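These notes concern the structure reproduced below.
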Amino acid sequence: MNNEDYGYDYDYLFKIVLIGDSGVGKSNLLSRFTTNEFNIESKSTIGVEFATRTIEVEGKKIKAQIWDTAGQERYRAITSAYYRGAVGALIVYDISKSGTYENCNHWLKELRDNADDNVAVGLIGNKSDLAHLRAVPTAEAKNFASENELLFTETSALNSENVDQAFRELITAIYQMVSKHQVDLGDSGNNAAAAPKGPTISLTPTPNENKKSSSSNCC
Amino acid sequence: MSEQSEESKRISQQVTALSTQLIESIDKQSKLEEKLNHANKIIASQQPSLDKYSNLKVEFEKLKISSEDQQKELDNFKVKIRRERELRENAEQEVEKLSKEVEDLTATLFDEANNMVADARKDKYTVEVLNTKLVEQLHEKDNLLETLNLQLKNLKKVLQTVEDENNSLIGNNRYSIIQPDSATTSSSTTSLEKITTTVSSYSQNISNMANGIIYSPIISSIRYDLPLYEEFLKFIAVIPHCRTIKDTSSDSKLIRRLVNDEINPVLKLDNASGLGWIVRKTILSTMMEGLVVVEPLSGVNETFQMGNSTQPPNAEASNKNESQSSMPKLFKFPLTSPPIALHEPCSFCGESRDDIIEHARMYVLKTQNKQEDGTIMVTNTFPLCHWCLFKVRQTCEIFAFLRSLKTGVWNLEKVTMKSISSKDSSRFSVVTSAIRQTKTEDRRSKRMSFIGGLTKNSSAINTAQVESTTSMEITGLPTTNIQRAWIQLCKLRSILHWAHVGIWSIDDSITSKIGPEIKDPDDKLEPASIEANIKITKKQIEKDVESIISENNQGESFDFESSASTSGATEASSEEKSIAGESETKVHASQDNSEHQSANALEQETKNNFEEVTKKDIEQESESERKPKEAGDETLTHEPNSISPKIEEENKEDTASSKASNEDDENGTAASSINETDDVLDNYTDAND
C-alpha cells in the first residue's frame, strides 16, 4: 500500500499531443525531451506512444503526459481519438520539407475540430540542424504562427537545440491558461465540468460542440 | 443522849455527804472549764477551716452556676449537633446519590466511547480492506497494462518488421517504378532518405522507362580496403577529441581528400564569380562548421517540384485549395503564386537564364557568423540556381554527416589511432565475424517461424534457410556501425557525384536508409534489436520472398542482374530453390572452391541455355566427379562439379556479365552473384530433371 507508486507528487497533469506529418521527428523530439535520447534510425510510430516528464513551472510541479501520435495517413482515423482531453498540442513540421509545413494547416484544422476550444498550440519547426536543406524560411513560419496565435520554436532533436524550451513554453502557456481559468471558475462556479485541469470526458456534448461538429465533421 | 448523837451522827453524816458532793462538783467544774478551754481552742483552731469552708461554699455556688450555664450551653450544642447530624446525613445521602449518578454517567460515557471507537475501528477496517483491494486491483491493472504494453511493443515491432520486409522487398526490385507516394497526403515522404516505392505490374516497368534507374550500386559491393577508409577510421578515432571536424586534418586526411578530390571539382569554387575572393576561401570551412543556411526565397518555391519529378499528390492540392479559402496564409505569397526568384545570376555557376524553373535562382545561400555572445548573424547571401543548390546542399550534407559522427548518435565502435596504425583495425574492415554468425543463426531460427507463416510452402522455404546459414557471411553487409557510417558517407558522396554528372534531383530515386545498429536496452533476451535483425536477415528474406514471388508468378524473375534472366527460372519450384540454397551455401562456405564452383555454375548455365542435348552428358560428367566429394558431405551431391573450358570459351559472350560478378565473388562481396548462382543452379536442376 504504497501510494508513492502512483506518483501523486505533482500539482497538475497536462495532456499534450504531438502531431504533424510522418517523419518530421515527433518521436525523437519526445525522446529528447523525456529521456534525452535520440535515435537516428527510429521507426515510424504505430498508433500512439506515451511519455511523461514532470517539470516545475512557477513553483508548481506539472506532469506533462505527452502523446506521440503516428503521422502516417493510415493511422489518421485513430489519431483523432487521441485529442480527447488534451490541453496542449505541438504541431511539428520539418524545416527541410516544405510539404510537412504546408500540412500544418491541415493539422491545425484537425486539432480545432477534435480538441478542446482552449487548447494551447505550439508550432515547431524541427530539424533546425539541417539549415543547409532549409525549405521553410523562419520568418514565414513565424508569421504563420503569430497569425494563428500559436507559439513558435525551431528545434533540433538531433542536437537538442530548443527542445526543452519549446515544451516548457507550451506547458507554461497551458499553466497560465489553467490558473486563469480556475479563477474564472471561482467566480462563476457553475461550470466545473469545463475545468481544463485533468482530462474530462463529457458524455453529453455541449451545444458549442454540437454546432462545431455539425459544421465541420463530415464523417 | 441518842437522840442528839443520833442527830449529831446524822448531821455529821450529812455534812460529810455534802462535803464530798462539793468536792465532786468543783472537780467537775474544773474539768468542764478545761473542756471548755479545749473546745475553745479547737474552735479557734477550726476557724480557718471554717473560713475555707465558706470560701469553698461560695466557690461551689459560683461553680454551680457556671455549671448550670454550661449545662445549658451543652444542651444547645447537643441540639445543634443533632441538627448538624441530620444535615450531614441528608448531605451524605445526596452525595451518595450524586456519586451514583456520576458513576452511571461515566459508565454510559465509556460505553458510548467504546462503541464509537469500535465503530470507528470497524469503519477503518472496512476502508482498509477496501483500500487494500483497490491497491491490489491497481497493481493488477498495472501488471495488465505492463503486459499489454509489452505486447503492444512487440506487436509494433512485428508490424515494423513486416513493413521493413515489404520495403526491403520493394527496394530490392530495383527496376520497380517509383511512384509519388499517393498513400500519404504529404509530399514529405518523398524525402532524400525515405522513398516509398510501389511495385506496379512487371510489364509496366519495362514500358515506363522514364522512371528507370540509371545506375545504382548495392551496399554489399562497398570496399573497406581503400586508403580513404583508413583515413575515415582515423577521422573517427580523433573526432571525439576535436572541437570541429576541421581540426581532424592533422590526424586524418579524410576532409582534405574529400574537399580536394570530390567537393572542389564539383563546386568549382575558383570559378564562382558571384562569390567574393574571401568568401571563396572561407566558404568551405563555414560549411564545415554548419554555419550556412540554404533556403528558398519563399517557402512557396518548394511547392514546385524540380526536374522530372511528379506532380504534387492530389491530397496536397486539395489542402492548398482549402488553405486558400479559409486558412491563414502559410507563406508571404499565396500558394497559387509563381515561384519567387532573383534576377541576379547564380553566384556559383553564373547561370542567368530565366527560362525554366531549374535555371531560376530561387534559393539563397546565407553564410553566418557566430558572434562572441553566441548569437548567429547572417553575413552574406548568395543566389543559387537549382543545380548549384543541389550541389551545395549535398556538400553541406556530407559535412553535416561528419559533424553528426561527433554527437554519438551513430553509436560508433571505439577505435584509436594506435589500433589503426598497428593494423588492428582489420576488424572494422572485415565484414564478417564468427560471433556475428552465431548470433544471426539464433535470430534466423526465430525468423523462420514468421517466414514460414508467410509462405504456402513453408517447409521448402525453411530448408532453404537452414541450408543457407553460412551464406550470411558472404552477403557483404556491414557488421560494425563504423562500416554503416562509411556506407552512409559513400552514399552522400555518390549523390554528390551524381550532382556532378548533372541531374536535377535525387528526390525520386531509390536510396536505402542507413543507420547504426543500436542495442535496445529493453530487449534483454535478444541482445540486438529486431532492427538489426532485419538488417542481417534482410538479404536472406529478400531471397526467400523472391522465391515466393517466383513461385507465385510462375517463376517470373524480378532480378535483372542475374544473367540467367527469366528463361531458366520459369519452372523453378520452391524445392529447387531450396536445393539452390544448399549448393549456394557450399559455394561460399568453402572459399577455396568458390572460384572453381562459379566456373562450374557458368558452365552449367551455358550448357542449359545452349545445349539441351548435352543434358545427359552433364549428368554423367557431374556424377562421375561428384562421387569422391559425396563421401565428405551429402549435400554436395547437388553441386555441379565439372569444368569444361571448351564450352565456356564457346559461350564467351553470354558469360561476360557473369564473369564480372565472378570477380566480385573473388573480392568477397558476392551478393550480386548470389542471385545469379541461384538461377544458374535452378537451371542446372532443371537440366538434371
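Listed by first and then second residue, the pairs linking a residue in segment B:225-238 that is part of a helix (DSSP H, G or I) to a residue that is of a type in the set (Gly, Ala, Ser) and surrounded by fewer than 20 Cβ atoms within 10 Å (Cβ to Cβ), with Cβ atoms under 9 Å apart and 6 or more places separating them unless they lie on different chains, are B:Tyr229/B:Ser429; B:Glu230/B:Ser429; B:Leu233/B:Ser419; B:Leu233/B:Ser429; B:Lys234/B:Ser421; B:Ala237/B:Ser419; B:Val238/B:Ser250. For the structure I just gave you, tell me whether A:Asp129 is within 9 Å of chain B (Cβ to nearest Cβ) and assigned to a loop (DSSP other than H, G, I, E, B). Yes.
Within segment B:485-509, residues that are at negative phi and modelled with pLDDT of 90 or more reach no partner that is of a type in the set (Lys, Arg) and in a helix (DSSP H, G or I) with beta carbons closer than 6 Å at six or more positions or on different chains.
Right, A:Glu56: more than 16 Å from the chain's Cα centre (by Cα) and away from chain B (no Cβ under 14 Å) or not? The answer is yes for A:Glu56. If only residues of segment A:23-40 that are facing chain B (nearest Cβ under 9 Å) and over 20 Å from A:Ala86 (Cβ atoms) are counted, the one that is modelled with the lowest pLDDT is A:Ile40.
Checking every residue in segment A:48-66 against the condition of being modelled with pLDDT under 85, crowded, with 16+ Cβ neighbours inside 10 Å and over 19 Å from A:Thr155 (Cβ atoms) gives at least one match.
The single residue among B:Lys391, B:Lys332, B:Lys366 that is out of contact with any Ser or Thr (no Cβ under 9 Å at 6 or more places or on another chain) and of a type in the set (Lys, Arg) turns out to be B:Lys391. The set of residues from segment B:249-283 being closer than 17 Å to B:Cys346 by Cα and of a type in the set (Ser, Thr, Tyr) comprises just one member, B:Ser273. In segment B:248-269, the residues that are in contact (Cβ under 8 Å) with a residue 60 or more places away in the chain reach residues that are among the small types (Gly, Ala, Ser) and surrounded by 14 or more Cβ atoms within 10 Å (Cβ to Cβ) with C-beta atoms within less than 6 angstrom, at least six apart or across chains, in these pairs: B:Ile255/B:Ser249. Among the residues of segment A:139-148, is any outside any strand (DSSP E or B), within 14 Å of chain B (Cβ to nearest Cβ), out of contact with any strand residue (DSSP E or B) (no Cβ under 6 Å at 6 or more places or on another chain) and touching a residue at least 12 places away in the same chain (Cβ under 8 Å)? Within segment A:139-148, one or more residues are outside any strand (DSSP E or B), within 14 Å of chain B (Cβ to nearest Cβ), out of contact with any strand residue (DSSP E or B) (no Cβ under 6 Å at 6 or more places or on another chain) and touching a residue at least 12 places away in the same chain (Cβ under 8 Å). Every condition in (1) over 23 Å from A:Leu158 (Cα atoms); (2) at the interface with another protein chain (Cβ under 8 Å from one of its Cβ atoms) is met by A:Ile78 except one, and the failing one is (2).
The values are calculated or read from the model by the stated rules, or taken from the named source; none is laboratory data. Bear in mind the structure is a predicted one, so any value in this text is a computation, not a measurement. All Cβ positions, even for glycine, are placed from backbone atoms using ideal geometry, and neighbour counts span all protein chains on display.
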